[in-house]
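Reviewing the structure listed below.
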Amino acid sequence: MAAPLGFMAAALMLGPSGRWLILLAAPLMAGLALWLALLPPDAAYLVGQWDLPLGILLRADGVARLMILATALVIGAVGLHALAEPPEKPGHAAQAETFWPLVYLMWAGANAGFLTTDLFNLYVTLEMVSLAAVALAAMGSLAAALRYFMIALLGSLAYLLGVALTVARYDTVDVILLAQVAEADLATLLALGLMTAGLLIKAALFPMHGWLPPAHAAAPAPASALLSAIAVKLGFVILVRLWFEAFAAVTGPAALHVLGGLGAAAVIYGSIQAMRQDRLKPLVAYSTVAQVGYLFLAFPLVAGTVEPSGAWAGMTLHGVAHMLAKAAMFLAAGLMLKAVAGDRIADLGGLAQAMPLTVTAFGLAVVSLMGLPPSGGFTAKFLLLSAAIEQGAFLYAGVLVIGGLLAAVYLFRALSACFAPLAGAGPDTASRGPVTGGVQAVAPLALAGLAIVMGFAGTALVDVSAIEAPWATPTVIQPEAAP
């Protein structure tokens, strides 16, 4: 948590030279994330050694370990990609300079949000990530960024009001302590409803997704990759903390099925909207709407069985696989669109020959997002599908299958366009010239490759996801006695 903040301060002081810090930050943060993932299962730290409820607990459970490791890989790769090609518009040189402090701010906020169990500190981390995300979105479209800002502000206020009601009712905002005392009264239900509504906006779950497609599609490719891979995941992780830990005794099957129903609707709606796009980046952005739906589709599957390990692992691994594959897809899409000097899918002809590494990265990302073996996306969706069939939740099972088929339709349409013969000489094709992708193609190829390799480490990743899971080994920490 501290290292990205230090890099942010250094990047602000160094100005244009701050971009070179990524050469140190990427390996350092990857090493720290790997160290965190290998810590003993009960790894936790009370900030300042203050006991709960005054202290703030940082806990490295399975979700935090995998999300922080994926965040380090994604931001490191995106940063190295941006180092080769700064995300700036003509006449906006300062944009490339401000990009780096925003990246480190988002990095610090995401890591802190994945680790902390304090609801108010989770609000602080949400604001850190949202501030960086809005500024990154503004690099592409000020109008889309302002829309994002207003909607994100509404979500933040709803979440903060829910936190205020919680502390007024229970005198604590720690997730672990709330799990021991939460009751299904009006104040608690209202607080949970407000926090959930605010976080659903942050996570861009249908029908609260309206800010996502314009912001992601208009932003520069590195910014789009961070928005899709990192920004929406923090809201989801906090919802997991609320529904399966803090208020697990309050949430009922009906409420969980509401979230599952919204997730199912997101899969279908996002897929249909992606099929209707004739431009590449909006297609990839609507794909995010659909893929986020799978995360919430898992909520009733986790709670609906005596042994939720499969559904829990499927939900967690899908979040990680989506981070890797979607970041790779946005980076590859940025290179492809730059090569054709446009954004229409119909203009992508000939790219398979002109820039094979980039198109390969895009194709590998497609494999994972569709859920084809041997990718991490396949492992995640197989676990979710197995859980749905075991529980007799055939509606959710059908959505998982249909969503994969729809993803094949819209993603293969974009991929197949790259293999089409080059169109006749026109302004776009004439200016294309010989393109290979160069060193910039390495970052999306590495991320997409990791999404595929995840499938070969399925058992190990499932075991990591179960560390300190609320259904497996609930942590009981007694608050400090009052004097």
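The values are calculated or read from the model by the stated rules, or taken from the named source; none is laboratory data. Since the model is a prediction, treat every value here as computed from it, not as a measurement. A quick note on method: Cβ atoms are made from the backbone with ideal geometry, for glycine too, and the neighbour counts reach across all protein chains shown.
Only one of these conditions is not met by Thr251: (1) within 30 Å of Ala339 (Cα to Cα); (2) part of a loop (DSSP other than H, G, I, E, B). Which number is it?
Status for Thr251: all satisfied but (1).
Tell me the residue from Tyr123, Tyr170 that is more than 20 Å from the chain's Cα centre (by Cα) and either aromatic (Phe, Trp, Tyr) or under 21 Å from Ala72 (Cα atoms) (or both), please. Reasoning before the result, please.
Values: Tyr123 fails: more than 20 Å from the chain's Cα centre (by Cα).
Of the residues listed, the single one that is more than 20 Å from the chain's Cα centre (by Cα) and either aromatic (Phe, Trp, Tyr) or under 21 Å from Ala72 (Cα atoms) (or both) is Tyr170.
With Ala365, Ala408, Ala380, Ala388 as the choices, which residue is over 16 Å from His318 (Cα atoms) and either within 19 Å of the chain's Cα centre (by Cα) or part of a helix (DSSP H, G or I) (or both)?
Numbers: Ala365 fails: over 16 Å from His318 (Cα atoms); Ala380 fails: over 16 Å from His318 (Cα atoms); Ala388 fails: over 16 Å from His318 (Cα atoms).
Exactly one of Ala365, Ala408, Ala380, Ala388 is over 16 Å from His318 (Cα atoms) and either within 19 Å of the chain's Cα centre (by Cα) or part of a helix (DSSP H, G or I) (or both), namely Ala408.
For region 365-382, enumerate the residues that are crowded, with 18+ Cβ neighbours inside 10 Å and not hydrophobic (A, V, I, L, M, F, W, C).
Selection gives Ser368, Gly371, Ser375, Gly376, Gly377, Thr379, Lys381.
Assess whether Leu283 counts as being surrounded by 23 or more Cβ atoms within 10 Å (Cβ to Cβ), touching a Gly at 6+ places or on another chain (Cβ under 9 Å) and assigned to a helix (DSSP H, G or I).
Numbers: surrounded by 23 or more Cβ atoms within 10 Å (Cβ to Cβ): yes; touching a Gly at 6+ places or on another chain (Cβ under 9 Å): no; assigned to a helix (DSSP H, G or I): yes.
When the stated conditions are applied, Leu283 does not pass them.
In region 245-296, what residues are among the hydrophobic types (A, V, I, L, M, F, W, C) and more than 23 Å from Ala397 (Cβ to Cβ)? If you could, list the steps in order and put the result at the bottom.
Filtering region 245-296 down to residues among the hydrophobic types (A, V, I, L, M, F, W, C) leaves 246-250, 254-256, 258-259, 262, 264-268, 272, 274-275, 280, 283-285, 289-290, 292, 295-296.
Result: Ala246, Phe247, Ala248, Ala249, Val250, Leu280, Leu283, Val284, Ala285.
Of a type in the set (D, E, K, R) and either over 18 Å from the mean Cα position of the chain (by Cα) or surrounded by fewer than 21 Cβ atoms within 10 Å (Cβ to Cβ) (or both) - does that describe any residue in region 298-319?
Filtering region 298-319 down to residues of a type in the set (D, E, K, R) leaves 307.
Among the residues that remain, those that are also either over 18 Å from the mean Cα position of the chain (by Cα) or surrounded by fewer than 21 Cβ atoms within 10 Å (Cβ to Cβ) (or both) are: 307.
There is at least one residue in region 298-319 that is of a type in the set (D, E, K, R) and either over 18 Å from the mean Cα position of the chain (by Cα) or surrounded by fewer than 21 Cβ atoms within 10 Å (Cβ to Cβ) (or both).
Got a sec? Which of Pro470, Pro434, Pro421 is part of a loop (DSSP other than H, G, I, E, B), surrounded by fewer than 18 Cβ atoms within 10 Å (Cβ to Cβ) and modelled with pLDDT of 80 or more?
On the way: Pro470 fails: surrounded by fewer than 18 Cβ atoms within 10 Å (Cβ to Cβ); Pro434 fails: modelled with pLDDT of 80 or more.
The unique qualifying residue is Pro421.
Test of understanding: among Gly270, Gly293, Gly310, Gly261, which residue is without any contact (Cβ under 8 Å) to a residue 24 or more places away in the chain, assigned to a helix (DSSP H, G or I) and of a type in the set (Gly, Ala, Ser)? Let's see the steps before the verdict.
Details: Gly270 fails: without any contact (Cβ under 8 Å) to a residue 24 or more places away in the chain; Gly293 fails: without any contact (Cβ under 8 Å) to a residue 24 or more places away in the chain; Gly310 fails: without any contact (Cβ under 8 Å) to a residue 24 or more places away in the chain.
On inspection, the qualifying residue turns out to be Gly261.
Filter region 383-400 for residues that are of a type in the set (A, V, I, L, M, F, W, C) and surrounded by 15 or more Cβ atoms within 10 Å (Cβ to Cβ) and give the result.
Restricting attention to region 383-400, the residues satisfying the condition of being of a type in the set (A, V, I, L, M, F, W, C) are 383-385, 387-389, 393-395, 397, 399-400.
Within region 383-400, Leu383, Leu384, Leu385, Ala387, Ala388, Ala393, Ala397, Val399, Leu400 meet the criteria.
Residues checked against (1) in a helix (DSSP H, G or I); (2) within 28 Å of Ala179 (Cα to Cα):
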residue: Ala9; (1), (2): yes, no
residue: Trp20; (1), (2): yes, no
residue: Pro53; (1), (2): no, yes
residue: Leu58; (1), (2): no, yes
residue: Val78; (1), (2): yes, no
residue: Leu83; (1), (2): yes, no
residue: Leu105; (1), (2): yes, no
residue: Ala108; (1), (2): yes, yes
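Could you list, ordered by first residue, the pairs with Cβ atoms under 7 Å in which the first is in region 387-405 and farther than 16 Å from Pro253 by Cα and assigned by TED's automatic domain parsing to the domain that holds Ala264 and the second is among the polar types (S, T, N, Q) and assigned to a helix (DSSP H, G or I), at least 6 apart or interchain?
Taking only residues 6 or more apart or on different chains, the pairs are Gly403/Ser271.
Among the residues of region 341-351, count how many are touching a Ser or Thr at 6+ places or on another chain (Cβ under 9 Å) and among the small types (Gly, Ala, Ser).
Number of matching residues: 3.
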